[in-house]
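All remarks here apply to the structure that follows.
The values are calculated or read from the model by the stated rules, or taken from the named source; none is laboratory data. Owing to the predicted nature of the structure, the values given are computational and were not obtained by experimental measurement. Cβ coordinates were reconstructed from backbone atoms using ideal geometry, including for glycine residues, and neighbour counts include every protein chain displayed.
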Amino acid sequence: MTLQVRPFNALFAAQVTGIDLRQPLSRDTYEKLEDALATYGVLGIPSQPIDDAQQVQFSSGFGPLHQASRDPAQRRIKDPNFQDVSNLNLQGEIARSGERAYSDANLLWHTDLSFVAASARITVLSARELPAEPPPTEFADMRAAWDALPTDRQRELEGLQVEHSVLTSRAKTGYTRFTEAERKVLPPVTHPLVRRHPRSGRKSLYLASHASHIIGWPVEKGRALLADLIEYATQPQFVFAYQWNPFDVLMWDDTCTMHRAVPFDSRNQRRELRWNAVVEPA
Ligand code: OGA
Ligand code: MN
């Protein structure tokens, strides 16, 4: 099989074919995927009916995986390598209204795990069960957004440090039921607002629903700047909507993109995807 990478459009994401994620992959294949990710930011890999062990094997080839810190009693999927991206409750049934407030935060533009020091470098998401008309997942290219800023604006933003907290994003959807233990393991962290991708050399904005305020600025002024930048960076010219098919594996570079879920008929239709993240060095 020959690995092929074809851009979906003139924006940024690409489709990868000629690869079987159920088999161990060579270092050369990982390097090619890293290059494709650095170029396109988002890669869709169709027709990959993988199980959990195969997904862990594939994603851990890129580096160490994030380990869930959330209380296992509150997790449907106990394996700490995974997060549950679904509309199912602990019993595996469609969740009733009110039960889903925690992951409703996925509807906000974000990048994964920006609220921890070892934030996500790459996310791998596999579609296990989709509604008949699956909602897309939307992505925004933070490099294109950076490139399109006037130079004097870029100069003002460079060097700013941003505080990120999971409490910030979850509060936006009305979720505040974190236990004391969870609050302790999830203290706020700081990340630069502007970063340079080590492989592509491109600069990008690093933004998320978890971004709270700018270090050293009055909190409200920082909040307003972050809200403005998120609105700016998610305009249609920077956005690509990925259309899911059953058994797709989608992966993205969290350091230079943002993404969000799109609402669907979640009271009546099941949607289940499995998530792992390759982390950055803390
Ligand atoms: C995620 C996420 C969006 C979606 O998996 O990190 O934000 O469409 N998912 O489910
Ligand atoms: Mn996410």
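Of all the numbered requirements in (1) more than 16 Å from Ala261 (Cβ to Cβ); (2) touching a helix residue (DSSP H, G or I) at 6+ places or on another chain (Cβ under 7 Å); (3) away from ligand 1 (no atom under 12 Å from the Cβ); (4) among the hydrophobic types (A, V, I, L, M, F, W, C), Ile122 misses one, and that requirement is (3). Which one is modelled with the lowest pLDDT among residues in the stretch 170-196 that are farther than 19 Å from Tyr232 by Cβ and in contact with a strand residue (DSSP E or B) (Cβ under 7 Å, 6 or more places away or on another chain)? Among those that are farther than 19 Å from Tyr232 by Cβ and in contact with a strand residue (DSSP E or B) (Cβ under 7 Å, 6 or more places away or on another chain), it is Pro188. Of everything listed in (1) assigned to a loop (DSSP other than H, G, I, E, B); (2) buried (at least 16 other Cβ atoms within 10 Å of the Cβ), the single unmet condition for Asn9 is (2). Of all the numbered requirements in (1) touching a Phe, Trp or Tyr at 6+ places or on another chain (Cβ under 7 Å); (2) part of a helix (DSSP H, G or I), Phe62 misses one, and that requirement is (2).
Might you let me know whether the stretch 150-166 holds any residue that is under 19 Å from the mean Cα position of the chain (by Cα), away from ligand 1 (no atom under 16 Å from the Cβ) and of a type in the set (S, T, N, Q)? Among the residues of the stretch 150-166, at least one is under 19 Å from the mean Cα position of the chain (by Cα), away from ligand 1 (no atom under 16 Å from the Cβ) and of a type in the set (S, T, N, Q), which makes the answer yes. Considered as a group, the residues in the stretch 130-175 that are in a loop (DSSP other than H, G, I, E, B) and of a type in the set (A, V, I, L, M, F, W, C) include one that is nearest to Leu108 (Cα to Cα), and that residue is Leu130.
In the stretch 16-38, the residue that is surrounded by the most Cβ atoms within 10 Å (Cβ to Cβ) out of those that are closer than 18 Å to Ala120 by Cβ and among the aliphatic types (A, V, I, L, M) is Leu37. Which of the numbered conditions does Arg76 fail, given that it passes all the others? Conditions: (1) out of contact with any Asp or Glu (no Cβ under 6 Å at 6 or more places or on another chain); (2) among the basic types (Lys, Arg); (3) closer than 18 Å to Arg274 by Cα. In the conditions (1) out of contact with any Asp or Glu (no Cβ under 6 Å at 6 or more places or on another chain); (2) among the basic types (Lys, Arg); (3) closer than 18 Å to Arg274 by Cα, Arg76 misses (1) alone.
Looking only at the stretch 228-239, decide whether some residue is hydrophobic (A, V, I, L, M, F, W, C) and under 28 Å from Thr17 (Cα atoms). Yes, the stretch 228-239 contains at least one residue that is hydrophobic (A, V, I, L, M, F, W, C) and under 28 Å from Thr17 (Cα atoms). Looking only at residues of the stretch 117-158 that are within 13 Å of ligand 2 (Cβ to nearest atom) and among the aliphatic types (A, V, I, L, M), we find that the one that is nearest to Val185 (Cα to Cα) is Ala120.
Run Gly41 past the list (1) among the small types (Gly, Ala, Ser); (2) touching a Phe, Trp or Tyr at 6+ places or on another chain (Cβ under 7 Å); (3) surrounded by fewer than 16 Cβ atoms within 10 Å (Cβ to Cβ) and report the number of the one that doesn't hold. Only one criterion in (1) among the small types (Gly, Ala, Ser); (2) touching a Phe, Trp or Tyr at 6+ places or on another chain (Cβ under 7 Å); (3) surrounded by fewer than 16 Cβ atoms within 10 Å (Cβ to Cβ) is unmet by Gly41, namely (3).
Contact annotation: residue pairs with Cβ atoms under 9 Å, 6 or more positions apart or on different chains, pairing a residue in the stretch 122-137 that is within 13 Å of Val85 (Cα to Cα) and charged (D, E, K, R) with a partner that is within 16 Å of ligand 2 (Cβ to nearest atom) and not in a strand (DSSP E or B), are Glu129/Arg271.
Just one residue in the set Asp71, Asp84, Asp51, Asp79 is more than 15 Å from Thr123 (Cβ to Cβ), touching a residue at least 60 places away in the same chain (Cβ under 8 Å) and of a type outside the set (A, V, I, L, M, F, W, C); that residue is Asp71. In the stretch 239-269, of all residues being among the acidic types (Asp, Glu) and more than 10 Å from ligand 1 (Cβ to nearest atom), the one that is nearest to Trp109 (Cα to Cα) corresponds to Asp253. Evaluation of Ala208 against the conditions (1) within 14 Å of ligand 1 (Cβ to nearest atom); (2) out of contact with any helix residue (DSSP H, G or I) (no Cβ under 8 Å at 6 or more places or on another chain) shows that the sole unmet condition is (2).
Just one of (1) among the aliphatic types (A, V, I, L, M); (2) over 23 Å from Ala38 (Cβ atoms); (3) not in a strand (DSSP E or B) fails for Ala127. It is (3).
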